[in-house]
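Report on the structure given below.
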Number of protein chains: 4
Amino acid sequence: MSKKPLRVGMIGYGFMGRAHSNAYKQVGQFFPSQHEVVLQAACARNEAEIRKFADQWGYASIETDWKKLLDRKDIDVVDICTPNNLHKEIAVAAAQAGKMILCEKPLAMDSKQGAEMVAAVEKAKVPNMVWYNYRRIPAVTLAKKLIDEGRLGRIFHYRAKFLQDWTINADLPQGGQGLWRLDAAAAGSGVSGDLLAHCIDTAVWLNGRLDTVCCMTETFVKERKHNLTGKVEKVGIDDACIFMGKFANGSLANFESTRYARGHKALYTFEINGEKASLAWDLHDLHRLQMFDYKDEGKIRGWKSIHVTDNGGEHPYMDKWWVPGLAIGYDCSFTHQVADFIQGLESGTPQGPTFRDALETQQILDAMLDSAKQQKWVTVAK
Amino acid sequence: MSKKPLRVGMIGYGFMGRAHSNAYKQVGQFFPSQHEVVLQAACARNEAEIRKFADQWGYASIETDWKKLLDRKDIDVVDICTPNNLHKEIAVAAAQAGKMILCEKPLAMDSKQGAEMVAAVEKAKVPNMVWYNYRRIPAVTLAKKLIDEGRLGRIFHYRAKFLQDWTINADLPQGGQGLWRLDAAAAGSGVSGDLLAHCIDTAVWLNGRLDTVCCMTETFVKERKHNLTGKVEKVGIDDACIFMGKFANGSLANFESTRYARGHKALYTFEINGEKASLAWDLHDLHRLQMFDYKDEGKIRGWKSIHVTDNGGEHPYMDKWWVPGLAIGYDCSFTHQVADFIQGLESGTPQGPTFRDALETQQILDAMLDSAKQQKWVTVAK
Amino acid sequence: MSKKPLRVGMIGYGFMGRAHSNAYKQVGQFFPSQHEVVLQAACARNEAEIRKFADQWGYASIETDWKKLLDRKDIDVVDICTPNNLHKEIAVAAAQAGKMILCEKPLAMDSKQGAEMVAAVEKAKVPNMVWYNYRRIPAVTLAKKLIDEGRLGRIFHYRAKFLQDWTINADLPQGGQGLWRLDAAAAGSGVSGDLLAHCIDTAVWLNGRLDTVCCMTETFVKERKHNLTGKVEKVGIDDACIFMGKFANGSLANFESTRYARGHKALYTFEINGEKASLAWDLHDLHRLQMFDYKDEGKIRGWKSIHVTDNGGEHPYMDKWWVPGLAIGYDCSFTHQVADFIQGLESGTPQGPTFRDALETQQILDAMLDSAKQQKWVTVAK
Amino acid sequence: MSKKPLRVGMIGYGFMGRAHSNAYKQVGQFFPSQHEVVLQAACARNEAEIRKFADQWGYASIETDWKKLLDRKDIDVVDICTPNNLHKEIAVAAAQAGKMILCEKPLAMDSKQGAEMVAAVEKAKVPNMVWYNYRRIPAVTLAKKLIDEGRLGRIFHYRAKFLQDWTINADLPQGGQGLWRLDAAAAGSGVSGDLLAHCIDTAVWLNGRLDTVCCMTETFVKERKHNLTGKVEKVGIDDACIFMGKFANGSLANFESTRYARGHKALYTFEINGEKASLAWDLHDLHRLQMFDYKDEGKIRGWKSIHVTDNGGEHPYMDKWWVPGLAIGYDCSFTHQVADFIQGLESGTPQGPTFRDALETQQILDAMLDSAKQQKWVTVAK
């Protein structure tokens, strides 16, 4: 075959390691291009675990030291799926090694780290992208398209929530295998960096810059056993986070996230209200976009539930999958992201979110946490 | 006051007696006209019960013999809310007495009785109407309007269901106070006359004549104690009824009703699929009409949920009630029917469903039950 | 009849004047008691208008000066349906005249006025109530019952929104007939007093005291023509209002209201997340309560849509209306309120929200507007 | 690796060829077993097309004659994805060649063919399965589990619909590339074999044998251009099909399918009403199961929307995918089927639907079409 190989070095093997690997395997069949993704190496400190992962997913080799991975000539792209506290060091080194980089979100522990990472990739001129995958759920991509076409008019409101309920049980430990998201040292923050980061990425993409924020955070369970130390320790992350704010376009922001909303597993919703139309979306029914269009005739005006599964070529990405009416799953957002990354390489027009795009989200997160700490309004740094 | 009195004589005091009385009391405030409804007399055999009812609802007098009621000169309209087996005798006599008649549905025990009733009111030239109230739920009236405007194009399918679950318990008796609907002698039939009659009235109104039917009925609980006799007796009504059929416009009919659909209390739904658009409605959320409009632009096409509560004058009846977004209840359909009956009197254009309209429903019911009995397709008499 | 008359003197004849009058007329049939409501007098400055209103609704007499109404011996209850800026003066005078008082919400222009009103009714020992009618939508009353039974456990979150879209058009004037809600001089505030006041009343009732708030307000259309002066004037009300806060029980508050949410007419929603269960409600489908109950068995756990229309005696108020599955409308909340007011008179246990209850809402509104002005967190006065 | 290879020979490359291939590629990562699926050969008459398909999906070789494919020793499993009229010949030959067989649905053109196929695979004792994939949508599998646990009690009703709208346009040709489903010679029947076959497979699986049926069919567009002949020809398939019937357990059947229901793309829904509980499902939101459980406490009884995405091990298949709340797509049903087929091989307990299971569906289809033709009730052959 005359396809150009795109040899991936994956660092990490958790939830995201699996989601990305599935995308790498699937992209060639559904979004054929001039590139062929090759699962070249998987890397993690635990040799037994990474061996098992590599076997299951078909990675050709393994490494137990990410620095060795970066040294290899047969790796084109580094995929960073480690806990957040390792993103910066690996990314900067990978950029210096001239590798393309796909980094899990959030980009970094804070915007200071993020800025270093941006500087590194821009200096090295390596293609880079952050896995804010929800941009590429077809219903969300369609929302972007409708907004860009000017169908909403002046925007008044943008609302987003990301509600979960998996940490209500006070006996759940912080830290350790699969639980680093509850450990402030590894994750940096709680729901703000883990969940609101997604909401913010989508919001800025759809609605532009966020200028000011006023935020509150709460930690409902103050102490949890730490699996790594075996001791009961103070919980350092935010369990819940609410913020208000104002976008540069004058619209008002209302964001909320929590892991204590009984009954919601991954309820990421957003709604945007414009003068001419409104849009709403819900991850729990990710294949639908809700739209209210004021230009519809009065007596038959109503919220439309658009089943974004039409392969007539009108719904983003969907012409590549099955037939109208048949939904795709959450995992497809990653396949779309890889497809677009490759399309960016081939067209010379990088596809976002780049590290620089993701830095903006990081700056908002910093402003939020600062606001919550100081209990006052804060202007987002630019 | 210079309003013309419309003096009502109500026969019966059950569920429908209450629903109609509420409408009579409410119509003047919300749909003012040149007439004033006066609750002149309430009539039933049980003097204590009808006295109590008359007091509670403000009827000026009572009667215990409906023939005496018909003799009274101070009664303009007779409202028949008795069990079905009394409709014909009362209606014919009322017509002969020159009274206007509002009769509960179904019109009669069968089409033979119905035809006599039609003959009587047409001979006597008295205004007449049957309480198929669902036509006047604003969302249903809006559906009629949209169909009449030609928005659906050629019709392919009409589907209706009326699902309940209140007779699953085999210990429920048939007959007696509040239970005459389970007694074949009083009701004539089961879900066909009680529930499908509503579906058929709406269907014929929206979609025209039904030509042929093929029907099946089932009685799940074969014997029940009869409250009037005190004995366990064979159940004579249909517990469930399904029929297929063909409308004169070539569209296919699929109807079903049951009182054994666990979880549904009064789930009357219909859906009509046309070449250009489809409509759907559900009594459980009676203030919404669902519409799919093929002329909407492709990528934003979807089912619209129209909240039929706008008082901008575009939604039927709703300009008379509250403000947009505020739902009215089931009971308002009766208020609308009285308002339209009066409007018919004042305009000289009778409003349906008249006895003649309701006779068509009766003919379809006869064809259905005949089809179920003979297990074959039957042509509806005209 | 041996019923005790409850002679109402209604001040005002707008949207609320109609809604209350309908309740007065309906309560006796559906919620019979030892009292009989009598529509004794309707009062407004415009004689022609109040005459027309009195005729349509059956008020026995009219007044054009509310002071004269208060002087009448044949008035037992005064119902204040004027713009907000008149509530205090009338209520204080009515209390001094020994009248029972039913006052439209919000209680007053601010908590200072509210406190005077509370002092007046408590000194005069007159029964008093404020028309926060949403407490008595059956689904909302059911929510209260479930919370009081302890089914939710520790509460983490309370969220409410009240979204409308009727003032997006910049050509809409402020002030004048039917538009006093846009005039700061008459209304006191915008969406905060008009809409969030409802949300707050429900929230405090369901979830207890709110301790601190941080609020932002926005006026999207800065100037509008004023119908009373004929000039383009600065708009003094808040078009949108968002606030965060903390309840005394430790749960987090997130509230938002606007009249610029295209597609929403009266979308009052609330959701409360507890350790053991969550509840959600939406005015657009007011007959449904959503519940997620963690004690349900794992594999069949899900959000339940409870159709609060069962007359088996288990759903608040519904045994008095129709049969299961048949929804009642928005207007019934007022009928329930009158029924409960009378029940309070007869039982000697006053039913809320009393003026004192409503004062708490006023204090929260004051804190919110103060917070928005000062751009900082504010503690609610007690 | 020590895994046992399962070498697939795929015949066909259309919609189903792609769906099955995706499953073969995905199964090893998500449902690891002792077998490894190997894409050994793809077969079709058009060499250029099958070459392209094989390249895109990674098949190791191609064939242009299915008989040659069956001769190959390196093929363990034959997957039949041809139009229906070829199923029998290929399947019988494949059985004789000792191949395992996975055959697309419907099994055959009629039950006579189906019986020959069953005889062939049972004589050859080769593992066999039919791609009625909807059984393995997790929400549908959960429904099966709940029914098998006896949670529904006596069943009264089973209703299913499969509604589409893609053939309303009368200019759509019959036959030719991608359109063989409209050609009676290739497909055997229209919506009955294509869509209702799915509904029947699920129904029989969930609710047992169907004894009698009464059916009607309709062809709305009587003539269409045939792409293969270039002429306008009579349309031989059924555009719509409705049938009533009775299951062996005494419950009533109501089934309907059409390709003329404007607004529905692939609306496969079923509902089953039992004495103790009801279940409902809808392919358009395939990750949800609706349940009404009568044993829930009265005042909080309601339809539960179960988001079947929990990886706590309680929802079928879902522990193998992502995390709770994240939906999988339509395609996963095929992956589950391959996983179960392999599990059947390894456990020695064949997983359905086998050819024999699928024959029952074929017998029902025959009875339906016979009933429609003769316009009478027909007993299903056994």
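Couple of notes before you dig in:
- Test: residue in region C:230-243 that is within 9 Å of another protein chain (Cβ to nearest Cβ), in contact with a helix residue (DSSP H, G or I) (Cβ under 8 Å, 6 or more places away or on another chain) and under 28 Å from A:Lys265 (Cβ atoms): yes
- For region A:29-53, the set of residues classified as of a type outside the set (A, V, I, L, M, F, W, C) and either on the phi > 0 side of the Ramachandran plot or in contact with a helix residue (DSSP H, G or I) (Cβ under 7 Å, 6 or more places away or on another chain) (or both) consists of A:Gln29, A:Pro32, A:Ser33, A:Gln34, A:His35, A:Glu36, listed by residue number.
- Taking residues in region A:56-76 that are in a loop (DSSP other than H, G, I, E, B), and partners anywhere that are among the β-branched types (Val, Ile, Thr), the pairs with Cβ atoms closer than 8 Å and at least 6 places apart or on different chains are A:Ala60/A:Val38; A:Thr64/A:Ile50; A:Ile75/A:Val8; A:Asp76/A:Val8.
- There is at least one residue in region B:38-50 that is among the basic types (Lys, Arg), surrounded by fewer than 16 Cβ atoms within 10 Å (Cβ to Cβ) and touching a residue at least 12 places away in the same chain (Cβ under 8 Å).
- Yes/no for A:His284 being closer than 20 Å to A:Phe162 by Cβ, more than 15 Å from the chain's Cα centre (by Cα) and at the interface with another protein chain (Cβ under 7 Å from one of its Cβ atoms): yes
- Of residues in region A:323-351 being in contact with a strand residue (DSSP E or B) (Cβ under 9 Å, 6 or more places away or on another chain), within 11 Å of chain D (Cβ to nearest Cβ) and of a type outside the set (A, V, I, L, M, F, W, C), the one surrounded by the fewest Cβ atoms within 10 Å (Cβ to Cβ): A:Pro324
- Taken as a whole, the condition of being buried (at least 16 other Cβ atoms within 10 Å of the Cβ) and part of a helix (DSSP H, G or I) does not apply to C:Arg7.
- Given (1) out of contact with any helix residue (DSSP H, G or I) (no Cβ under 8 Å at 6 or more places or on another chain); (2) buried (at least 22 other Cβ atoms within 10 Å of the Cβ); (3) within 14 Å of chain A (Cβ to nearest Cβ); (4) within 25 Å of D:Met318 (Cβ to Cβ), index of the condition D:Phe292 fails: (3)
- Here the strands (runs of 3 or more DSSP E) wholly within region C:233-326 that include at least 3 residues being in the same structural domain as C:Ser189 (by TED's automatic domain parsing) and over 29 Å from A:Met216 (Cα atoms) are C:303-307.
- Filter result for B:Ile306 (at the interface with another protein chain (Cβ under 7 Å from one of its Cβ atoms) and either closer than 16 Å to A:Asp296 by Cβ or without any contact (Cβ under 8 Å) to a residue 60 or more places away in the chain (or both)): yes
- Residue in region D:330-346 that is assigned to a loop (DSSP other than H, G, I, E, B) and in the same structural domain as D:Ala139 (by TED's automatic domain parsing) present: yes
- Residue that is nearest to C:Ser251 (Cα to Cα) [pool: residues in region A:248-260 that are surrounded by fewer than 20 Cβ atoms within 10 Å (Cβ to Cβ) and in contact (Cβ under 8 Å) with a residue 60 or more places away in the chain]: A:Gly250
- Only one entry in C:Gly176, C:Gly230, C:Gly208 is closer than 30 Å to C:Leu152 by Cβ and without any contact (Cβ under 8 Å) to a residue 60 or more places away in the chain, namely C:Gly208.
One line per residue, one yes/no per condition, for (1) surrounded by fewer than 17 Cβ atoms within 10 Å (Cβ to Cβ); (2) under 18 Å from D:Ala186 (Cβ atoms); (3) outside the structural domain of D:Cys43 (by TED's automatic domain parsing):
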position: D:Asp76; (1), (2), (3): no, no, no
position: D:Glu89; (1), (2), (3): yes, yes, no
position: D:Ala97; (1), (2), (3): no, no, no
position: D:Ala108; (1), (2), (3): no, yes, no
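- Taken over region B:321-376, the criterion of being aromatic (Phe, Trp, Tyr) and without any contact (Cβ under 8 Å) to a residue 40 or more places away in the chain is satisfied by B:Trp322 alone.
- Note on region B:182-239: residues that are surrounded by fewer than 17 Cβ atoms within 10 Å (Cβ to Cβ) and within 23 Å of D:Phe243 (Cα to Cα) total 3.
- Being at pLDDT 95 or above, surrounded by 16 or more Cβ atoms within 10 Å (Cβ to Cβ) and on the phi > 0 side of the Ramachandran plot is a description that does not apply to C:Gly114.
- C:Tyr13 out of contact with any helix residue (DSSP H, G or I) (no Cβ under 7 Å at 6 or more places or on another chain), hydroxyl-bearing (Ser, Thr, Tyr) and under 20 Å from C:Asp331 (Cα atoms): no
- Check on B:Gly325, modelled with pLDDT of 95 or more and in contact with a Pro (Cβ under 8 Å, 6 or more places away or on another chain): no
- Filtering region A:134-150 to residues that are assigned to a loop (DSSP other than H, G, I, E, B) and within 11 Å of another protein chain (Cβ to nearest Cβ) leaves A:Ile137, A:Glu149.
- Subset tally (residues that are within 11 Å of chain C (Cβ to nearest Cβ) and closer than 20 Å to B:Phe53 by Cα) for region B:1-23: 7
- Test result for A:Arg159, of a type in the set (D, E, K, R), at pLDDT 95 or above and outside any loop (DSSP other than H, G, I, E, B): yes
- The set of residues in region B:180-224 that are small (Gly, Ala, Ser), under 14 Å from B:Asn84 (Cβ atoms) and part of a helix (DSSP H, G or I) comprises B:Ala184, B:Ala185, B:Ala186, B:Ala187, B:Ser192, B:Gly193, B:Ala197.
The values are calculated or read from the model by the stated rules, or taken from the named source; none is laboratory data. Please read all numbers here as calculations on a predicted model, not as lab measurements. Ideal geometry is used to build each Cβ from the backbone, glycine not excepted, and the neighbour counts take in all protein chains shown.
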